[in-house]
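The values are calculated or read from the model by the stated rules, or taken from the named source; none is laboratory data. Being a predicted model, the structure only gives us computed values, none of them experimental. Cβ atoms come from the backbone with ideal geometry, glycine included; neighbour counts cover every protein chain shown. These accessible areas exclude ligands, DNA and RNA; they are computed on the full protein's heavy atoms, side chains included. Shrake-Rupley method; radii C 1.70, N 1.55, O 1.52, S 1.80 Å.
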Amino acid sequence: DVKTGLQTLVTDVHVMFPPPSLDSLIFATIGSDIVVLYSAQTGTGELASYDIKTQQNTVLTGGLGFPGDLALEPSMTSVLISDITGGKIFRYHLDTGILDPALVSGYARIDGITYDNSVTPKLFAVINNNAVYQIDPSSGNPIKTLQIPGFFLDGITFDPLYGDLWVSAYRPGGILRIPPDLNSGYTSFASSI
């Protein structure tokens, strides 16, 4: 609960998808089907889909390095995939099946990625486990940066109700609440996770 910080276990189902190691999942539409897209950390790194109706897994594309987090783009026709250890962001077009060349970044590590809901949506990413960047979705170049050392940051999402970014932090555990202007610092939240 974002107001109280109380946590409720919703499910503990552990075996929905087959091996290998999975990192992120989002819901998306391919054609007329709603699917779960997920990143699979295989030898080549894959983006795959799980069709809820047919319960079938399909590899959509490979060659993604060590894929981490996913973000559905505002167009709803493409998804961004972070390459954790390669420091890249890939764009896969759900409508055409085309994988664009990786965005040039120069970062050592990219984990969580998300868009906000502004009129011209802004793209945010967790970079090198110690910063949140607003980055240009066309080039991957940084626009703004908020350094947050010592927390080992990972996933990120945007809360459209309150207008904040939420970032998971391995140390000391919990979630950080960050205003999307990246100028106002952060507050620690749900630190018992």
Practice item. Kindly write out, for the stretch 158-171 in residue order, the coupling ³J(HN,Hα) from the Karplus curve 6.51 cos²θ - 1.76 cosθ + 1.60 (θ = phi - 60°), rounded to whole Hz, with x marking Gly and Pro. Key: 10, 9, x, 6, 9, x, 10, 8, 10, 10, 7, 10, 5, 10
Point to revise | Probe 1.4 Å, protein heavy atoms only - accessible area per residue of the stretch 53-193 in square angstrom | key: 47
Check your understanding: Can you give the convex hull volume per residue for the Cα atoms of the chain, as a whole number of Å³?
Key -> 131
Point to revise | Rough spin-label spacing in nm, given labels placed 7 Å along Cα→Cβ, for GLN56 and THR8 | key: 3.6
Practice item. Using a 1.4 Å probe over the heavy atoms of the protein chains, calculate the carbon and sulfur portion of the accessible area of the stretch 126-170 as a whole percent. Key: 55
Review point. Leaving out ligands, DNA and RNA, what percent of the accessible area of the stretch 58-121 is carbon and sulfur, probe 1.4 Å?
Key: 60
Revision key, fill the gap. With the 8 Å Cα cutoff and a minimum separation of six or more residues, the chain has a relative contact order in percent of 11
Practice item. Give me the number: length gained by fully extending THR42 to MET76, i.e. 0.36 nm times residue separation minus the C-alpha to C-alpha distance, one decimal in nm. Key: 9.7 nm
Check your understanding: If the chain between THR145 and ASN183 were fully stretched, how many nm would it gain, using 0.36 nm times the residue separation less the Cα-Cα distance?
Key -> 12.8 nm
Study note, to complete from the structure: The lysines whose Cα lies under 22 Å from the Cα of LYS144, excluding any fewer than 8 residues away in the same chain, are LYS88, LYS122
